[in-house]
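Participant: Next up is a structure, given as structure tokens.
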Amino acid sequence: MSTKIEIEDMITVGSLAEKLMIPATKLITELIKNGVMATINERIDFDTAQIVVGELDVDVELVKKESTPAPVRQKKQASEKAQERPPVVAVMGHVDHGKTTLLDAIRTADVAKGEAGGITQHISAYQIVHNKKPITFLDTPGHEAFAALREHGAQLTDLVIIVVAADDGIKPQTLEAIRFARKAGVNMIVAINKIDKEGADSNRVKQQLAENGLQTEDWGGDTITVEVSAKNKEGIDKLLDMVLLVSEVEELRADEDVPASGLIIEAHMEKGRGPVAVALVESGVIHPGDFVVAGGTYARVRNLESPEGQSLKEAKPSSPVVITGFKTVPRFGDEFSQVNDEKEARLQSEKNATGRKADGGRGGVGSSELIRIIDRSNKLNELNVIIKADVQGSIKSVIDSLRAMDTDEVAVRMVGSGIGPVTENDVHLAHSSNAIIYGFNIGMPTSVKQTASRDKVPVRLYKVIYELIEDAKQEMSKLLAPEVVETEMGRLVVKGIFKTTKTEVICGGEVTKGKLLAPSFAKVFREGDLLAEVQITNLKHGPTDTKEVLQGEMCGMNIATETKLDLQEGDRIECFTRETVERNL
Ligand code: GDP
């Protein structure tokens, strides 16, 4: 009988591994196989845990601890005076099905392109206007974003767009996204993506949706599907029309004349600007100069900007907004709320910080935390790397691009990754695991630079993703076994055999093609079949030794063999050169 283990609705990867009595790396590897990039300190939800445990070779049944329900925030009740607010949309789906491309396509639908390296820089949330109506999109790049959203009972999201690649169909993370939306009770629209691709089969996707309880409109149900090609920006208008249609029915409203509150959806340190946070306003209106508390820190809002960097005088409900002025970097998933003055802000943040300690530091992902990931496989040649970047989305872009270069012979092995500058810890880890540290849009303190140079740890910092990827590609190429290239130089037909020993044959013949060289490698053929590989050690033109004999000439030769060669008249000897050539990916 299997052992029953009780777990809460959310559990860290580390404690689940402990409960299962397996190494955390094993659990992490299994999660990754299922498309979930979670690190040891991150939390996964019960459903994810159950799926993974089902696939591990452990005789355990997970049971949800019902006695301590997760604290679910109640959706803020809007008053009579509440104003209409834009819908907040999250895009979710299986890895590689095109979430990022779709978010970019929506964002840049009417914006000119041209960003560094051609790869769109990461933005965790943005707002667009479609048919004169604003819509807010949230990017949920990492698993932690997903978990935090879920934990907040999806208070932030009004609608989930589930992206399914038409050539790949429904996958584990698609189901996870569907479960998420159902549990949170939010509407779903399914974007059937990549319809431009060969092998795209929208009907199959619809059938799979039906199998999972989502009857699409043409299958007699009410699940809205929109066929799109994020790559070719096809179907985007229709998708946005549907988003507005579904949202209008919901009559989304929020109070504006209450103290502002919402959630921190991204935070990092920026040179010259200090702590920078991206927040999503849920209710109330924030202005520059307001005091806000977020978890254990607070700010007098210095700059209020749109995610695109435009300065704002106010931010209303459902707006993503960039805030500077925090004392320290708030944490992802922290709630923020507006208070009256600095004193209240300080007291409130101190109280939150104390509560957090008592809570065992649960929640959020520390910005300087070095995240250990994976032992992916036993591939022969692996390039060990540690990726550090400014924001989670950049890490994802870098990791995805690196993964795309994996071949059967050489692969990238992620020893660690994390947000923020390169630290001593990263250097130590790189040193012990023989890894290269790649940094994107981040710096490295001088003291760390000294440690790296002392320990001869390569640290490569880039501002353009493409250049970083090129560098890694060259490093991977170095790990490829060199290619052996053989070039045929000439042929000889054997006319007589003069001496045969165990390791040597002396014979004569006519060069019928090209030229023969000594010393050189040679192959012996009889009626087209390869008989042996040998070496020509000496050539004789008449009585004199020579290094080469040309086509049409007769010559004698000494052949060195490893096993006795029973050479006959009429056999063909081909002489060739052999070079090793470095390969590139
Ligand atoms: P994510 O992991 O879900 O964010 O997926 P990405 O947006 O990174 O897309 C994964 C891959 O699919 C990339 O190589 C994209 O260029 C490609 N892709 C995304 N959308 C489309 C599409 O509509 N058509 C085609 N042909 N490729 C697409």
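Participant: Find how much the distance from residue 273 to residue 314 grows on full extension, using 0.36 nm per residue of separation minus their present alpha carbon separation; answer in nm with one decimal.
Facilitator: Extra length available between residue 273 and residue 314 comes to 12.8 nm.
Participant: Among all the lysines, which ones have a C-alpha under 21 Å from residue 478's C-alpha, if same-chain residues fewer than 8 places away are not counted?
Facilitator: 379, 456
Participant: Describe numerically, in nm with one decimal, the distance between label points set 7 Å from Cα along Cα→Cβ at residue 585 and at residue 300.
Facilitator: Computed distance between label sites residue 585 and residue 300 equals 5.0 nm.
Participant: Oh, and also: Give the carbon-plus-sulfur fraction of the accessible surface of the chain in %, rounded to a whole number; probe 1.4 Å, heavy atoms of protein chains only.
Facilitator: Heavy-atom surface of the chain belonging to carbon and sulfur, 1.4 Å probe: 48 percent.
Participant: Expressed as an acute angle from 0 to 90° and rounded to the nearest 10, what is the orientation of the C-alpha long axis of helix 342-358 relative to the principal long axis of the chain?
Facilitator: With rounding to tens, the tilt is 60 degrees.
Participant: Let me check against my output: what whole-number percent is the relative contact order of the chain, with C-alpha pairs under 8 Å and at least 6 apart?
Facilitator: 9
Participant: What distance in nm lies between label points placed 7 Å from Cα along the C-beta direction at residue 541 and residue 408?
Facilitator: Placing both labels 7 Å beyond Cα along the Cβ direction yields 4.5 nm.
Participant: Now, a different point. Compute the distance from the alpha-carbon center of segment 509-582 to that of segment 156-196, in whole Å.
Facilitator: 66
Participant: Let me ask something additional. Which trypsin sites (Lys or Arg not before Pro) from segment 300-331 combine a DSSP loop assignment with at most 11 other Cβ atoms within 10 Å?
Facilitator: Answer by residue number: 313.
Participant: A further question on this structure: To the nearest 20 debye, what charge dipole does the chain have about its Cα centre, counting +1 at the Cβ of each Lys and Arg and -1 at the Cβ of each Asp and Glu?
Facilitator: Approximately 1340 debye in magnitude.
Participant: Considering only 509, 484, 532, whose Cα is most displaced toward the positive end of the charge dipole of segment 483-581, charges sitting on Cβ of Lys, Arg (+1) and Asp, Glu (-1)?
Facilitator: Projecting each Cα onto the dipole axis, the largest value belongs to 509.
Participant: If you don't mind, there's one more thing I want to ask. Given the chain, what percent of its DSSP beta bridges are antiparallel, to the nearest 5?
Facilitator: Counting only bridges with both partners in the chain, antiparallel ones make up about 70 percent.
Participant: Kindly express, to the nearest 10 degrees and within the range 0 to 90, the angle between helix 236-250's C-alpha long axis and the longest C-alpha principal axis of the chain.
Facilitator: Its long axis makes an angle of about 30 degrees.
Participant: Further question on the same structure: Note down the nm distance, to one decimal, between modelled labels 7 Å out along Cα→Cβ at residue 510 and at residue 198.
Facilitator: Modelled inter-label distance: 5.1 nm.
Participant: Do any GluC sites (Glu not before Pro) in segment 158-247 lie in a DSSP loop with no more than 11 other beta carbon atoms within 10 Å, and if so, which?
Facilitator: For GluC sites (Glu not before Pro) across segment 158-247 that sit outside H, G, I, E and B with at most 11 neighbouring Cβ atoms in 10 Å, the list reads 198.
Participant: Helix 172-184 versus the longest principal axis of the chain: what angle, 0 to 90°, nearest 10, using Cα atoms?
Facilitator: 0
Participant: Of all trypsin sites (Lys or Arg not before Pro) in segment 484-585, which ones are in loop regions per DSSP and have a Cβ with at most 15 other Cβ atoms within 10 Å?
Facilitator: Taking segment 484-585 and a limit of 15 other Cβ atoms within 10 Å, the loop trypsin sites (Lys or Arg not before Pro) found are 502, 547, 564, 583.
Participant: How much accessible area per residue does the chain have, counting only protein heavy atoms and a probe of 1.4 Å, in square angstrom?
Facilitator: Result: 48 Å² per residue.
Participant: To continue, here is another question. Any of 171/316; 515/564; 343/388; 19/449; 233/271 with alpha carbons more than 28 Å apart? Name them for me.
Facilitator: 171/316; 343/388; 19/449; 233/271
The values are calculated or read from the model by the stated rules, or taken from the named source; none is laboratory data. Since we're looking at a predicted model, the values are computed, not measured. Using ideal geometry, Cβ is built from the backbone for each residue, glycine included, and neighbour counts are taken over all protein chains shown. Surface areas here come from the heavy atoms of the whole protein model, side chains and all, with no ligands, DNA or RNA. Shrake-Rupley method; radii C 1.70, N 1.55, O 1.52, S 1.80 Å.
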